[in-house]
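Novice: Handing you this structure, nothing more for now.
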Amino acid sequence: QVQLVESGGALVPPGGSLRLSCAASGLTFIRYDMSWYRQAPGKERELVASISPGGSINYAEAVEGRFTISRDNSKNTVYLQMNALKPEDTAVYYCRAKWLNIHWGQGTKVTVSS
């Protein structure tokens with residue numbers, strides 16, 4: 001059974017930093033494209049960043065230069081380092097694994113507020 005477990009969400013002030021983690025199990029991690037999505041209240045889920053098995057990376061324009069996605073294939077884990085956080089980054093952040101099919105985590109909440 002595939003499981004994606006996100007962690008690291010919290011309440012942080014504007015300008016702060018957080019690192020999200022997504023631990024995967026039940027799948028061959030190295031074959032999967034791994035992505036972070038987010039969904040703010042009243043908005044659609046949107047792609048934040050993705051990383052391929054070979055390490056190719058894409059970012060949404062809104063987070064380019066502030067967020068960094070990485071993966072550790074030895075730990076079956078993908079990370080999202082978030083710096084210079086803004087109130088508009090407030091959302092539930094979801095991990096997604098995609099290869100022959102798609103799997104989602106349950107999400108972790110990030111709130112950016114003073």
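None of the figures in this text is laboratory data; all of them are computed from the coordinates on show. Note that the structure is a prediction, hence the values are computed from the model and not measured. Positions of Cβ are backbone-derived with ideal geometry, glycine not excepted, and every protein chain shown enters the neighbour counts.
Novice: Quick one: 3J(HN,Hα) in Hz for the stretch 24-31, Karplus 6.51/-1.76/1.60 with θ = phi - 60°, rounded, Gly and Pro as x.
Specialist: 9, 8, x, 9, 8, 3, 5, 8
Novice: Another one. Could you grab the relative contact order for the chain? Cα pairs under 8 Å, six or more apart, rounded to a whole percent.
Specialist: 36
Novice: One-quarter of the Cα convex hull surface for the stretch 72-114, in nm²?
Specialist: For the stretch 72-114, the mean projected area of the Cα convex hull comes to 4.1 nm².
Novice: Quick one: net charge of residue 29's neighbours, Cβ under 14 Å, K/R +1, D/E -1?
Specialist: The answer is +3.
Novice: Along the stretch 71-84, what does the Karplus equation 6.51 cos²θ - 1.76 cosθ + 1.60 (θ = phi - 60°) give for ³J(HN,Hα), rounded to whole Hz, x for Gly and Pro?
Specialist: Using θ = phi - 60°, the values come out as 9, 10, 5, 6, 10, 6, 9, 10, 10, 9, 8, 10, 10, 6 Hz.
Novice: Taking K and R as +1 and D and E as -1, what net charge do the other residues with C-beta under 13 Å from the C-beta of residue 79 add up to?
Specialist: Here the count lands on +1.
Novice: Order these peptides, 1-11, 75-85, by their mean beta-carbon neighbour count within 10 angstrom, highest first.
Specialist: Output ranking for 1-11, 75-85: 75-85, 1-11.
Novice: List the residues, sorted by chain then number, that are 5 or more residues from residue 86 or on another chain and whose placed amide H is less than 5 Å from its amide H.
Specialist: Answer set, sorted by chain and number: 15.
Novice: How many nm is it between the label spots at residue 84 and residue 109, if each spot is 7 Å from the Cα in line with the beta carbon?
Specialist: In this crude spin-label approximation the distance works out to 2.8 nm.
Novice: Describe numerically, in nm with one decimal, the distance between label points set 7 Å from Cα along Cα→Cβ at residue 58 and at residue 100.
Specialist: With each label point 7 Å from Cα toward Cβ, the separation is 2.3 nm.
Novice: What ³J(HN,Hα) values, in whole Hz, does the Karplus curve 6.51 cos²θ - 1.76 cosθ + 1.60 give for the stretch 51-59 when θ = phi - 60°, with x put for Gly and Pro?
Specialist: Using θ = phi - 60°, the values come out as 9, 7, x, x, x, 5, 10, 9, 10 Hz.
Novice: Taking every alpha carbon pair in the stretch 1-111, what does the distance histogram look like in 5 angstrom bins from 0, in percent?
Specialist: Reading upward from the zero bin: 2, 13, 26, 26, 19, 10, 4, 1.
Novice: Right, here's the next one. Given charges of +1 on the Cβ of Lys and Arg and -1 on the Cβ of Asp and Glu, with all other atoms neutral, how large is the dipole of the chain about its Cα centre, in debye to the nearest 20?
Specialist: Working: 12 positive and 9 negative charges, 44 e Å.
Once rounded to the nearest 20, the dipole reads 200 debye.
Novice: Let me ask something else about it. With both bridge residues required to lie in the chain, what share of the DSSP beta bridges run antiparallel, to the nearest 5%? Intermediate values should be presented prior to the final figure.
Specialist: On the way: 38 of 40 bridges.
Antiparallel bridges make up about 95 percent of those DSSP assigns within the chain.
Novice: To continue, here is another question. Once you have the Cα-Cα distance between residue 40 and residue 3, take 0.36 nm times their residue separation minus that, and quote the gain in nm to one decimal.
Specialist: This chain segment gains 11.0 nm when fully extended.
Novice: Between residue 28 and residue 11, how many nm apart are label points set 7 Å from Cα along the C-beta direction?
Specialist: Placing both labels 7 Å along Cα→Cβ, they lie 4.5 nm apart.
Novice: Then there is this: Between the DSSP loop rule and a limit of at most 16 other Cβ atoms within 10 Å, which trypsin sites (Lys or Arg not before Pro) in the stretch 21-58 are left? Walk me through the numbers before you get to the answer.
Specialist: On the way: sites: 31, 38, 43, 45; in loops: 43, 45.
Filter output for the stretch 21-58: 43, 45.
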